[in-house]
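**Student:** Supplied in structure tokens, the structure appears directly below.
The values are calculated or read from the model by the stated rules, or taken from the named source; none is laboratory data. Source: prediction; values computed, not measured. Cβ coordinates were reconstructed from backbone atoms using ideal geometry, including for glycine residues, and neighbour counts include every protein chain displayed. In case anyone asks, the SASA skips ligands and DNA or RNA and just uses the protein heavy atoms, side chains included. Shrake-Rupley method; radii C 1.70, N 1.55, O 1.52, S 1.80 Å.
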Amino acid sequence: MLVAFDFDGTLSDSEMTVLLGNQNDTAEDMAEITERAMNDEIEYAESLYQRCALLEGLSERQADDAFGQVQLRPGAADVIEALREAGVYVCILTGGFERGVEAALEAEGVEVDAIVANRLPIVDGELTGAVEGPLIEGTKDDALDIVTTIVGEDRADTVAVGDGANDLPMLEVAGLAVGFDPKPAVAPSCDTIVETMDELADLLEGEDVL
């Protein structure tokens, strides 16, 4: 069994690009672009390029300060821990940034089996305004296929948990699609919807995943 989580908006209620934008007063612009993407008004890749361009010149120290503020949602660490203790393969597939995901997990003392995320290149101690990684143009169904192939799991035996438009590809192909307080454009593609990590834990127990 394999469970694939989105990060921003699902495992975490932090929005990484907004936290980064707080460091150079572009947070409002970030939030507006994010909202348009999550509601499927603009392509996710385009939204990410636009947001990261606003970070050009941000120092590595400022970026680390922002990533240090990324937090897991209450109860998320418990769900991850319970899944791993049950022998479930846990992966995070996110258009967010690897360093923020790692910082949040480390702060809670939990680990996952795999993180597929993007990166912000740094040159001479400053962000370049570019973004690199597999989940910019690439989609989460492809990422899920790669992970299941590596792990040897059947896609029918996967659970995907997400909330935004960029989660739709993995929600549509997973064995069980769980919307975590999903955006209106996403809800119709979910098999079931939860609002809290406690509800998610109950659901996973009911589905014999936990």
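**Student:** Here is a list of conditions, (1) farther than 30 Å from residue 156 by Cβ; (2) surrounded by 19 or more Cβ atoms within 10 Å (Cβ to Cβ); (3) in contact (Cβ under 8 Å) with a residue 40 or more places away in the chain, and residue 59 meets all of them except one; can you say which number that is?
**Tutor:** (2) is the only condition that residue 59 fails.
**Student:** Which of the residues that make up the range 1-47 are open to solvent by 50 Å² or more (accessible area, probe 1.4 Å) and among the hydroxyl-bearing types (Ser, Thr, Tyr)?
**Tutor:** none
**Student:** Sticking with this one: Mind listing whichever residues of the range 2-30 are in a loop (DSSP other than H, G, I, E, B) and modelled with pLDDT of 95 or more?
**Tutor:** Within the range 2-30, the subset in a loop (DSSP other than H, G, I, E, B) is 6-7, 9-11, 13-15, 22-26.
Scanning the range 2-30 gives 6, 7, 10, 11, 22, 23, 24, 25, 26.
**Student:** Got a number for residues in the range 36-56 being aliphatic (A, V, I, L, M), in a helix (DSSP H, G or I) and free of Cβ contacts under 8 Å to residues at least 24 places away in the same chain?
**Tutor:** Initially, the range 36-56 is screened for residues aliphatic (A, V, I, L, M), giving 37-38, 42, 45, 48, 53-55.
Filter again for in a helix (DSSP H, G or I), leaving 37-38, 45, 48, 53.
Now drop any that are not free of Cβ contacts under 8 Å to residues at least 24 places away in the same chain, which leaves none.
Here the count works out to 0.
**Student:** If you don't mind, another one. Which one of 39, 24 is farther than 20 Å from residue 125 by Cβ and polar (S, T, N, Q)? Outline the logic, then answer.
**Tutor:** Numbers: 24 fails: farther than 20 Å from residue 125 by Cβ.
Step by step, each of 39, 24 is checked, and only 39 is farther than 20 Å from residue 125 by Cβ and polar (S, T, N, Q).
**Student:** Could you pull out the residue among 83, 93, 72 that is part of a helix (DSSP H, G or I) and under 23 Å from residue 203 (Cβ atoms)? Explain how you work it out, then say what you get.
**Tutor:** Numbers: 93 fails: part of a helix (DSSP H, G or I); 72 fails: part of a helix (DSSP H, G or I).
83 is the lone residue from the list that is part of a helix (DSSP H, G or I) and under 23 Å from residue 203 (Cβ atoms).
**Student:** Sticking with this structure for a sec: Taking the condition of being open to solvent by 30 Å² or more (accessible area, probe 1.4 Å) and more than 14 Å from residue 106 (Cβ to Cβ), how many residues in the range 69-80 meet it?
**Tutor:** Total meeting the criteria: 3.
**Student:** Mind checking whether some residue in the range 155-172 is among the β-branched types (Val, Ile, Thr) and either under 21 Å from residue 45 (Cβ atoms) or at pLDDT below 95 (or both)?
**Tutor:** No.
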